[in-house]
Each structure stands twice: as structure tokens, then as C-alpha cells.
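Worksheet: one structure, shown below.
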Amino acid sequence: MPLAAAPDFLPALPEIALACAAMVLLLIGVLRGEGSTRLVSWLSVLVLIGILVLASRMGLDRHVAFYGMFVTDAFALFMKALVLIGSAVSIVMAMRFNEEHRIARFEFPVLVLLAATGMMVMVSANDLITLYLGLELQSLALYVVASFDRDSVRSSEAGLKYFVLGALSSGMLLYGASMIYGFAGTTSFAALATVLTGAGPASPGLIIGLVFVTVGLAFKVSAVPFHMWTPDVYEGAPTPVTAFFAVAPKMAAIALFMRFLIEPFGAMIAQWQQVIVFLSVASMVLGAVAAIAQTNIKRLMAYSSIGHIGYALIGLAAASPAGIRGVLVYMAIYLFMNVGTFAVILCMRQQGKMLEGINDLAGLSRTQPGLALALAIFMFAMAGIPPTAGFFSKLYIFLAAIDAKLNGLAIIGVVTSVVGAFYYLRIVKVMYFDEPAGAFDRPISVELKAVLVVTAIVTMFFFLLPDPVVGSAEAAAASLFAK
Amino acid sequence: MNAMTHWPLLSLVTFLPLVGVGFIMTTRGDPEIVARNARNIALSTSIIVFLLSIALWVDFDPATAAFQFVEKAHWVKIGGFEISYHMGIDGISLFFVLLSTLLTVLCVLASWQSVHVQVKEYMIAFLVLETLMVGMFCALDFIVFYVFFEGVLIPMFLIIGVWGGPRRVYAAFKFFLYTLLGSVLMLLAILAVYFQTGSTDIEVALHHAFPFALQKWLFLAFLASFAVKVPMWPVHTWLPDAHVEAPTAGSVILAGVLLKMGGYGLVRFSLPMFPLASHYFTPMMFALSAVAVIYTSLVALAQTDMKKLIAYSSVAHMGFVTMGIFAVTSEAVQGAVIQMLSHGLVSSALFLCVGVVYDRIHTRDIARYGGLVERMPAYAFVFMAFTLASVGLPGTSGFVGEFLILLGTFRVSTLECFLAATAMFLGAAYMLYLYRRVIFGTITRDDLRNILDLSPRETAVFAPLLILVLWMGIYPSSFLGPIRASVDHLVQQVGAAQAGQRASLE
């Protein structure tokens, strides 16, 4: 009898395997010493790819494990794939950088693996406790990674800032979770959904709890007005870490955001929709306006990511399968655009010194036409200009918004996208219209080149074959509403 | 008749320039050789594309209003939101395709010597631009249309910004952001149309009856995009800046084709899809058009920069076009299409004329010139011909378009017709005034004494334009023939919808 009651581990196999692999790699690193960084890094990439294959072999069906605390479905698989790809690419991009900056330690890939484990748990959370567990596992690893360049004041400051604000947001989230438990009597998403459906007017306590959890999650996705940490952390953290921050944790947090609001609190849409609409509008406006004055490209990317989250939240505000599909397509394309842009930023070095000023890109089209073309593609994509992938991500978002009769939100969205286009164009302008300021170091490392070529091709030629991504996003979105 | 219909002729015309781009990209080595190869490849590609597009005209069946050379293939087929690659042309779009392919050839020729930095990239930009322009005129699916329509911004932004004049950065940004703001509003309207018709297919939408209240909003959203492109007063301010700063060939494409995208959009979408809203907003459109023709003509009179003057005259001429479109009579709409084609040829030629002297003296200041007729008789003749065509002298293409527009508009509104006719007079004033200051008089400047007349290459650029302007002016039936069936069908459709509404009100 006790045996029969043992939890079904199988759906969580990828997470378990990833956690074990991280520890094994840690052991390898410890036993082989400092020289093992490259080995551990490549092994980590292999592990992440292996986990991706393993997770996709689990199938798209919905499985619940650990007494309903953990769930896998098509939605979870889609977001996990993004998380794993983002993590793997970040490790690849970091290798050369870390070596050149004498911060090549084997702990870096291991920490990324642990963070990825946390993110996967977040994506699969089906209970407030699992949610918190995954979130904290992820965050603790990220705090360390942010200050990984520990001799640099900026990096340490970034890590500390991230830690303090992150802890604050976790606290809020936990407080909200306890309120929800207090007023609903359960922490399980499934039970919450049952309790809330047809329960009449929601109790104020429950609303307060919902709002607090939403605030905590808004911190994690850096939606305005909970975005303050983003520019500083993006600027201060080592560039590959920034690249990692810009993609992987965002995926996990937005996935959690979607599942949390759609599954247990789907019945309370009237309460949370206005909050999401506000977060979305504020993020789009601030992301567009505040980025104009930036001169540091990493800071610019921070504001850009804030803006992008605003667009993704439009899809969440629509709260329909089409809206969720839009968010998923958006995040998938966002991953490629962002990784590519950061790969270019990692190429910005002169005489071994990293550059971060936008003006350092001056005349790049003459000195390194290929690199300039790639960055131009990413910038036009971020501005949402067809035929780049960025256009399609916005198309599916606005499609959902119009469908959900959120016309005002859609209009604000397109208008801010024009404002945002200004600063993306500014980068193109600096590269193509200005006189060369000085060439960057060559050659670009093979790993970086590969990342650049792949992301640029995907971003530019997404329009040729959008069906696979849109199709799996469609299936994933449907699974979130199927229950 | 359509012997070549089994060929995907439209796709060939649309995407062949990209093959040229591929070839240019592979050229390497010495910058001089790369530049020469890039020019040659671009010229031969654009000539082949132009010849192919002639085949469209030859095979075109003028008797039907239906879309011809239709191609359809699935593109995105997920979750109800299906997008198909749907291409086809009718009498309205046929000549715009030809205009685009012709002007691309002339642009490549015109830039032969005046562009000497980053020639490879320059030619790539023009060939990509050709693909996008042609694709836009052929697209029969809204998303495909939008991709081409907005994609045009990227190469044009680069052309103005990289190869433009001193204030090119300002002009490029203004051009891009102005047009983008208009187009994104249209994108939302396109999505709203999709939810009404359940399809992104343009043919479906053209025959869908939208509720009147919605029509008004959708009309305004589409107008936001097309009015900026046309450009209509008061959203025309990007145009003088963009024209002045763009390189000569960039101005040619801007005036010749990009402005036509707005007029084409109004004829293709606004009229048939929103007939009731078109009727409702006709007074507004008439008022804006009248202001455009009179106000910008007056502004043109005061210009001291040759390109700016022609840019303002473009706004005035396009004001005629919008007036003709919203008169919604068969003559006026045909006139509007002819006027757009005519303006595409004439204003392109005028910008090329400016380019000729700019290449030699490097200034566009009117006061710096004078007495060119002494040294450049051939140039003076060519400039004269196009000046008169711009004024609308009988026997030139400008006359046919303006006459048909006035004829058609007179039946709808005498006042509007009167105002427009005043502007014709003003048009003659500023064009002849320009001509007098530049060509006549005596040479006072030293650098003008040694100025050379048209080179054979420049003559080759002007010759086809001159022939076409005269052909269209003397025997317009070759052009009106294919246009007529489509326009008649359009006007009947709009008339029926408006009559239906009147009947339901009574």
C-alpha cells in the first residue's frame, strides 16, 4: 500500500535528470579542478540538449505527478524547450568571454543548469508550493550568476541589487500565496480552479492574494512598474549572463504567469485582466520611451526587453487560446532575436576590451558588413518590420487582441511600436549611416559565429516556414485551456 | 490568349530581382571590379524583369475585370488563421507593375556614375526594393500585401540614409516613422477585416458587405496608411525632406512608385471595401485634396531648391489623384489611374533632370543656374518636354489624366472641379517659372560655361520616358483599354452599394 501511494516520478524525469546531471558535473569540476571549465561547459550543453530530447519524448499528453503538484503538457513542453535552448546557447556564448575575462570557472555552467532546473519546475508548477520552489531554485542560482565577475564592482552591484529586489518580490509572492491559501483553503491549482468556478463574487482576501502573486511574477518578467532592477542588472552583469537573463528566466516566468492566471484563476479574469492590461500598457510605453535616451547597448536591451514583455502581456490579457498562442510565438521569436543581438554585443571588442556604447557600432557596415547585416536584421525584427520574424510575433499578438475586443490596447501597442522603432533604427543608423569609428577584433569565435548565423537566418527567413512554430504554439495554448 | 498562364509569371517578375541580389552578393575582390560587376548584374537583372513584365501586358485580357495570372498556394495554415500566397493583377495594378520594373531599370542607369560608394549595397537595395514594389501591387492576400507594403520601408530607409544628402539621417527617420505609424494602424484594420470575413484573402474582402459603423473606422485606419503614402495634406511633410535628401534614383522611386502605393491602396481597398464610408467621407477627401492642390502649388512657387519644388508639385498632382478617386465616376477613376502613371513617369523624369545638373554642379539651388540652354540644348529640350507634361499640355500624358479627372469630377461637384482647375493654372506658373530661371537667361557663373550636355547614357534614360509620355498623351487607348474594364466594374460595385444604402434608408 505505501508503495502504491508513492508519487509517480515519470513526468518529472527531465527535471530530476537535469538536477542529477548538474550535481555530477559539479563533481567533475571539483575533482578535475579549474582546468575543466571547457569540458564541463560542453558537457552541460550536451546535457541540456539531452534533456530537451528526453522532454520531447515524454509526449504532449497531460500528466500530473506528485499528488497534483506537478504537471506536464504541451504548454510545459513548449516553454521548457525555449528555456533549454536559451540556457544552452547562453553557455555556448559565455565560454570564450569568460576565458578572456579570467572568470572561466566550472561553476558557471553548473549554476545555469541548476537555474534551468528551477525554470523547468516553474513551467510545470501545478501548486503554489511548487511554484515557489521552482522560483527560488531559479532565483538563487541567478543571483550568483549575476555577480559572477566577482572582482568587478558593477557585477557585484548587479548581483546584490538583483538579490535584494528579487528577495522582495519573492516575499510578496509568498505573502500572496499565503493569502490565497487562507481564503481558498488550498494551494493546488486544480483545487483552486474548482473552488473559484461559479463561486460568486470573489472575496477581497483572495483578490489581495492574487494581486500580490501577480506583483511577484511581474517583478520576475520585469513588467513596469516592477522593472527597476532590469537596466542596472543588465548593464552590470557580464554580457553572456545578461544574454542568459534576457531569455531563459523570462520564458519561465511568463510561462508561470500564464499558467497561474489561466488555470487556477481563469474564473477571476474580471479581476486580473485590468491589472495585466495596465502592466502591458505601462511596459510598452516605458520600454519605448525610456530606451530612446540610452547610450549603453546593454541598457538599451534592458528597456527593449521591458517593452517586449509589454507586448507579450497583451496576449495574456486577451486570455484566449489565440492570445496564449500569440505569447508563445512571441516568446519563441523573442528568444532568437535576443540571443542573436547579444551574440553581436559579445563581438563588440577592440584590443581585447569589451565595448558597450551604441556609438561604438559606428560604421560597422563598412568594417564588418556581415555582423552589421545580422544586427540590422535583429533590429528590424525587434521593431516588428516585415518580413522579419518580429513582424509575425506582433501579428499573432494583435490578432488575439482584436479578437478579444481589446482595441484600445492594440492601438496603444502599435503606436508604441512606432516609438520603439525609433531606437532600433538608431542602431541601424549608427551602423550604416555613420563613419567608421574603428574595427572590432577578429576573428569572431566559431561558437559565436554559429549562433549568429543560425539566429539571423531564423529571424530573417521565419516567414518561409512559420507553420512548425505556430502549430506547436497552437497545440500548447490549447493544452492550457483543456484541463 | 493567356498562352503563358501556366508559367508563374507574376512570381517570376516579383522574385527574379532577388536572384540578381544573390549574384551581386557573390561578387568579391577589388572594389572597382565589384562595383562594375554589381552595376552590370543589376542592369541586366532589371532589364530581364522589365521584359518579363512586358509579357504581362501582352498577355493581359482587357475584356475582363477579374484578376489574371492568378497564383495561389498555402503559406500558413494553422488554427483558422490561414494565409495564402495569393497573387494576381487586374487592369488597375497591371501598369503599376510595369512602372515599377521600368523605373528600376532607369534608376540603375541613372546611378551609373553618380553613386560610387558602396555600389554593391546600393544595387542590392534597389533590386530588393523592386521585388517589394512589384509584390505589393500583385498581392491578393492582406498579409502578403502588408509584408510587401511595409517591407519597402527597409531598403528605402537605407537608400536615403546611406547615399543621401547632408540631412539624410533626419529625412530617413522622418520617412520611416511617418509611414510606419500609418501602416500599423492599417494592420489593425486588416485584422479587423479578417474577423469580419474570416479570411485574409483580398478578393473575399472586396465582395464583403461591412456594416456601415465599422466601415467608417476601417476606412479611417486604411486612410491613415494611404494618406501618408500619397501623401495627402497635412501629412505630406515627410515628402519634401525625403526627396531633397534622397539620391536622384531614390527620389525617382519615391515619386514614381512609392507615392502610387497610396493611391493604389485607395482604389484597390478603400473604395470597394468601404463604399458607404467612402461616400460619407467624400466631402472631407475633396476638401483635403483641394487644399493639397492649391496650398502645395503656392508653396512650390516659393521654393528655391529644385528638388523641393518638384516634391511639392508631386503633392499637388497627387491631390488631383485623390480627388478623382473619390469622385467615383468611371472617367474620374480612370483619370486618377492614368494621372498616377503619368506622374510616375513625369516626376521621375523631372527628378532625373535635376540629377543631371546636380551631378555636374553639385547644387540644387535654382539661383545658381540660368542660361543652360546655351550650353545644353538637348537637356533644355528634354526638360521642356517634361515641364509641359507636368503642366498638363495636350498631347502629353499629364493632359489625359487631369482632363479625365476634371471631367469625372465635374459631374459630382462643380466647386471641386473649379478649385482643381485653379491649381492647374498655378501648376503652369511654378513649372514655367522654374524652367525660365534654370534654362533661360544668360550664363553668369563660370562653372556653367563648361557644363556638358546629355551623355548617351543619360539620353538612354530619358528616351523611354519621353516616348511613353507622348504615347500616353497622343494615343491613351493603349493604356485605357486594360484599365477600363476593372475601373467600370469597381465604379458599378461602389454605386450599387451606395444605392443599396439609399434604398434601405428610404
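Principal-axis analysis of the Cα atoms of chain A puts helix A:297-318 at an angle of about 30° to the longest axis. Among the chymotrypsin sites (Phe, Trp or Tyr not before Pro) within the range B:162-196, not one is in coil by DSSP while having at most 14 neighbouring Cβ atoms inside 10 Å.
A simple spin-label model places pseudo-atoms 7 Å from Cα toward Cβ; at residue A:160 and residue A:351 they are separated by 3.2 nm.
Stretching residue B:196 away from residue B:443 to a fully extended chain increases their span by 82.4 nm, per 0.36 nm per residue minus the current alpha-carbon distance. Each eigenvalue of the Cα gyration tensor of the range B:289-337, multiplied by 5 and square-rooted, gives one semi-axis; in descending order these are 25, 10, 5 Å.
Placing +1 on each Lys and Arg Cβ and -1 on each Asp and Glu Cβ, with no other charges, gives the range B:317-392 a dipole about its Cα centre of roughly 200 debye.
For the range A:230-292 versus the range A:116-161, the inter-centroid distance based on Cα atoms is 15 Å.
What separates the Cα centres of the range A:324-357 and the range B:416-458 is a distance of 52 Å.
Taking all C-alpha pairs of the range A:1-132, those more than 20 Å from each other amount to 46 percent. In the range A:330-375, the residues whose accessible area drops by at least 30 square angstrom when the other protein chains are added to the isolated chain are A:366; the probe is 1.4 Å and only protein heavy atoms count. Hydrodynamic radius of the range B:250-387 by the Kirkwood approach over all distinct alpha-carbon pairs: 16.2 Å. Taking the protein heavy atoms of the protein assembly as shown in the context of the full set of protein chains, the accessible area attributed to carbon and sulfur is 69 percent at 1.4 Å. Taking the longest Cα principal axis of chain B as reference, the axis of helix B:397-410 is set at about 40 degrees. Taking the alpha carbon gyration tensor of chain B, multiplying each eigenvalue by 5 and rooting it gives semi-axes of 35, 28, 20 Å, largest first.
A convex hull fitted around the alpha carbon atoms of the protein assembly as shown yields 172 Å³ per residue.
Packing, taken as the mean count of other beta carbons within 10 Å per residue, orders the peptides A:239-250, A:53-64 from highest to lowest as A:239-250, A:53-64. Quick check: from the Cα gyration tensor, does the range B:261-308 come out rounded (a/c under 1.5), prolate or oblate? Verdict is oblate for the range B:261-308. Counting every alpha-carbon pair across the range A:126-186, the share separated by more than 14 Å comes to 61%.
Between chain B and chain A, roughly 3200 Å² of accessible surface gets buried, counting both sides and using a 1.4 Å probe. List the residues of the range A:414-456 that lose 30 Å² or more of accessible area once all protein chains are present, compared with their chain alone (1.4 Å probe, heavy atoms only, no ligands or nucleic acids). Relative to the lone chain, where solvent access is computed with a 1.4 Å probe, the range A:414-456 loses at least 30 Å² at A:414, A:418, A:422, A:425, A:429, A:432, A:433. A Förster radius of 30 Å combined with the Cβ-Cβ distance from residue A:56 to residue A:461 puts the calculated FRET efficiency at roughly 0.80.
In this calculation the C-beta distance from residue A:13 to residue B:7 is compared with R0 = 41 Å, giving a FRET efficiency of 0.15. List, by residue number, every residue in the range A:376-408 with a reduction of 20 Å² or greater in accessible area between the chain on its own and the complete protein assembly, 1.4 Å probe. Relative to the lone chain, where solvent access is computed with a 1.4 Å probe, the range A:376-408 loses at least 20 Å² at A:380, A:385, A:386, A:387, A:391, A:392, A:395, A:396, A:398, A:399, A:402, A:403. Packing, as the average of other Cβ atoms within 10 Å across residues, places the peptides B:201-210, A:336-345, B:342-351 in the order B:342-351, A:336-345, B:201-210, highest first.
Full extension of the segment from residue A:27 to residue A:415, taken as 0.36 nm per residue of separation minus the current Cα-Cα distance, would add 134.4 nm.
Diffusion coefficient of chain A by Stokes-Einstein, Kirkwood radius over Cα pairs, 20 °C, 1.002 mPa s: 96 µm²/s. Ellipticity at 222 nm from helices only: DSSP H runs of n ≥ 4 in the protein assembly as shown, each -39500 (n - 2.57), divided by the residue count, give -25000 deg cm²/dmol.
Take the range A:293-376, drop everything but the C-alpha atoms, weight them equally and run the Debye formula without solvent; then report log10 I(q)/I(0) at 0.11 Å⁻¹ to two decimals. Computed log10 I(q)/I(0) values: -0.40. Given +1 at the Cβ of Lys and Arg, -1 at the Cβ of Asp and Glu and no other charges, the dipole of chain B around its Cα centre is 860 debye to the nearest 20. Using the Cβ-Cβ distance between residue A:296 and residue B:40 with R0 = 45 Å, the FRET efficiency computed as 1/(1 + (r/R0)^6) comes to roughly 0.55. Highest mean packing first, where packing is the average number of other Cβ atoms within 10 Å per residue, the peptides A:306-313, B:216-223 line up as A:306-313, B:216-223. Between 0 and 90 degrees, the angle of helix B:142-151 with respect to the longest Cα principal axis of chain B falls at about 20 degrees.
Among B:277, B:197, B:287, whose Cα projects farthest towards the positive end of the dipole of the range B:183-314, with charges put on the beta-carbon of Lys, Arg (+1) and Asp, Glu (-1)? Farthest towards the positive end: B:287.
Probing with 1.4 Å while keeping every protein chain in the model, the per residue accessible area of the range A:232-272 equals 11 Å².
Restricting the calculation to Cα atoms, every distinct pair contributes to the Kirkwood radius of the range B:312-454, found to be 15.9 Å.
The values are calculated or read from the model by the stated rules, or taken from the named source; none is laboratory data. As the structure is a prediction and not an experimental result, all values here were calculated from the model. When we count neighbours, we look across all protein chains shown, and the Cβ atoms used for this are built from the backbone with ideal geometry, even at glycine. These area figures cover heavy atoms from the full protein model, side chains too; ligands, DNA and RNA do not enter into them. Shrake-Rupley method; radii C 1.70, N 1.55, O 1.52, S 1.80 Å.
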